[in-house]
Amino acid sequence: MLAALGSAVGLGNVWRFSYVAGENGGGAFLLVYLLMVLLVGVPLLLGEFALGRSTQAESSTAIAKLLPVRWRHLGLLGVLSSVMVLAYYAVIAGWVLKYLALYLFSSTHRLSDPGFATAFEAHIAQPVEPLIWQLMAILLAVAVITRGVEKGIERINLVLMPTLGLLLLGLAIHSVSQPGFMQGIHFLFQPDWRVLTRPEVYLAALGQAFFSIGLAMGVMVAYGSYLPSNQRLPGAALSVALGDALFAILAGLVVFAAVFSFGLDPAQGPGLAFVVLPEVFANMTGGAIVGSAFFLLLAIAAMTSMVSLLEVQTAFAMKKLGWSRQRAALVLGGLAFVLGVPASLGFGVWSEVASTGGRGILDLMDLLAVELMLPLNGLLLALLLGWVWPGKEALQACDLHTGRLGQLWLFLVRYVIPLMLAMVLASSMVSG
């Protein structure tokens with residue numbers, strides 16, 4: 001369960017949630033996000049856990065067991081989604097490791113002397129150094145995966161998840177002393193109801209729920225196959241989804257308290273963690289320690305999610321191709337690195353040829369994954385859970401009964417979730 005929560009809690013909670021919430025109105029976005037977690041996240045997560053445990057297989061094989069022969073390759077979409085996300089996720093994880101090293105070795109003057117925005121842009125524009133940090137992030141994930149589930153994934157999460165929780169709690173407590181704490185509270189918990197008239201807020205909230213929890217990437221199906229038979233799945237799904245949301249909210253408090261303390265704009269976009277917060281830490285008493293703790297928090301969050309994404313692909317290669325765990329982890333880790341190279345170089349030597357509509361390769365990969373591949377795979381998964389899998393079998397696998405709770409789950413996966421995801425896909429197609 002710690003591994004499953006570690007998979008859910010990642011850069012999406014700290015880095016992505018903060019800037020997406022900042023761009024979409026704070027409190028109003030948080031309300032919609034929590035609604036999406038309950039209406040979409042928990043039911044689909046429960047279904048993925050049940051699918052994995054009942055078939056004792058990774059996602060592609062698990063889906064193939066339920067589908068007619070001609071549709072059985074649809075399960076590959078989840079694996080491909082994990083490949084796409086891991087490729088650009090490692091690029092961002094490399095940035096995090098670079099900044100963590102700067103804080104740990106008291107080299108933050110390399111950020112402040114040229115200016116924080118200039119320093120960040122100069123780093124990501126380099127052709128070689130970001131690739132080295134990206135490779136380090138991949139190698140760390142590969143090292144964990146090669147040791148297996150119990151000795152690798154479970155053991156590292158037994159250490160990293162409590163550490164992550166303590167770091168986040170410590171930073172949240174520290175943020176109370178910041179002058180902008182109450183302003184951050186108001187921004188995050190006092191909704192501006194006018195924001196709810198903007199359709200993009202709902203799309204962003206649903207995309208954030210998918211990305212943050214790790215839905216439709218095969219991760220939770222794989223972890224479901226490792227869950228024991230005596231584990232009650234409804235409680236497990238609710239715990240992971242709400243635990244993931246709690247991490248995001250605490251991270252938001254930390255980030256927005258810091259941002260408002262120095263009169264900065266919370267709608268800073270993806271650069272919030274790498275440009276705005278280092279500037280805040282530089283002007284804060286004890287900022288070097290707080291900055292080190294923050295980037296250590298980000299590094300741990302990135303690593304637990306990368307391990308989970310690579311495990312999906314490794315389990316697939318072991319089952320379908322007959323590869324050893326070590327070979328699968330090394331080859332697929334190498335593939336993730338190669339696919340991530342254009343995303344990294346898209347900020348520098350390939351920036352002119354890579355930019356499309358003002359977006360770089362990494363942005364396009366994120367859009368393709370979060371607004372197309374994940375909703376599409378989620379839609380197919382909901383249809384599979386609600387219509388292909390016989391209702392009684394599905395409810396039994398989910399540890400639900402035919403009572404009101406079971407009927408509510410069936411109603412959500414049959415009607416509500418497909419409709420919402422179809423609307424997301426239609427909106428993505430219309431907006432190009």
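Each value in this text was obtained by applying a stated rule to the coordinates, not by laboratory testing. The structure presented is a predicted model; accordingly, all values stated were derived computationally and were not measured. With ideal geometry, Cβ positions are generated from the backbone for all residues, glycine too; neighbour counts draw on all protein chains shown.
For the pair Val128 and His401, label points projected 7 Å from Cα toward Cβ lie 6.7 nm apart.
The stretch between Ala143 and Val349 holds 71.1 nm of extra length on full extension. This uses 0.36 nm per residue minus the Cα-Cα distance. Whole-Hz Karplus values for the range 276-293 come out as 6, 5, x, 5, 5, 4, 5, 9, 10, 5, x, x, 5, 5, 4, x, 4, 5 Hz, taken residue by residue from phi with 6.51 cos²θ - 1.76 cosθ + 1.60 and θ = phi - 60°; glycine and proline positions read x.
Please check: in the Gaussian network model of the chain (C-alpha springs, under 10 Å), which one of Gly22, Gly214, Gly115 has the largest mean-square fluctuation. Its mean-square fluctuation being the largest, the pick is Gly115.
What net charge do the residues around Arg53 carry, taking every other residue with its C-beta under 14 Å from that of Arg53, with Lys and Arg at +1 and Asp and Glu at -1? Overall, the nearby charge balance is -2. Taking other C-beta atoms within 10 angstrom as a stand-in for reagent exposure, Ser427, Ser60 fall in the order Ser427, Ser60, fewest first. In this Cβ point-charge picture (+1 for Lys and Arg, -1 for Asp and Glu), the chain has a dipole of about 1280 debye about its Cα centre. Label separation (Lys151 vs Val388): 3.6 nm, computed from points 7 Å beyond Cα along the C-beta direction. For Met318 and Leu166, a Förster radius of 25 Å and the Cβ-Cβ distance give a FRET efficiency of 0.15, rounded to the nearest 0.05.
Under a Gaussian network description of the chain, with springs only between Cα atoms under 10 Å, the residue in Asp113, Asp363, Asp399 that fluctuates furthest is Asp113. Listed by Cβ neighbour count within 10 Å, with the fewest neighbours leading, Ser59, Ser106 appear as Ser106, Ser59. The alpha-carbon of Lys65 sits under 19 angstrom from the alpha-carbons of these lysines, leaving out residues fewer than 8 places away in its chain: Lys319, Lys320, Lys392. What the Cβ-Cβ distance of Val331 and Ala288 gives, at R0 = 35 Å and to the nearest 0.05, is a FRET efficiency of 0.30. In the chain, the DSSP-assigned H stretches of four residues or longer account for a calculated mean residue ellipticity at 222 nm of -22000 deg cm²/dmol, using -39500 (n - 2.57) per stretch and the full residue count as denominator.
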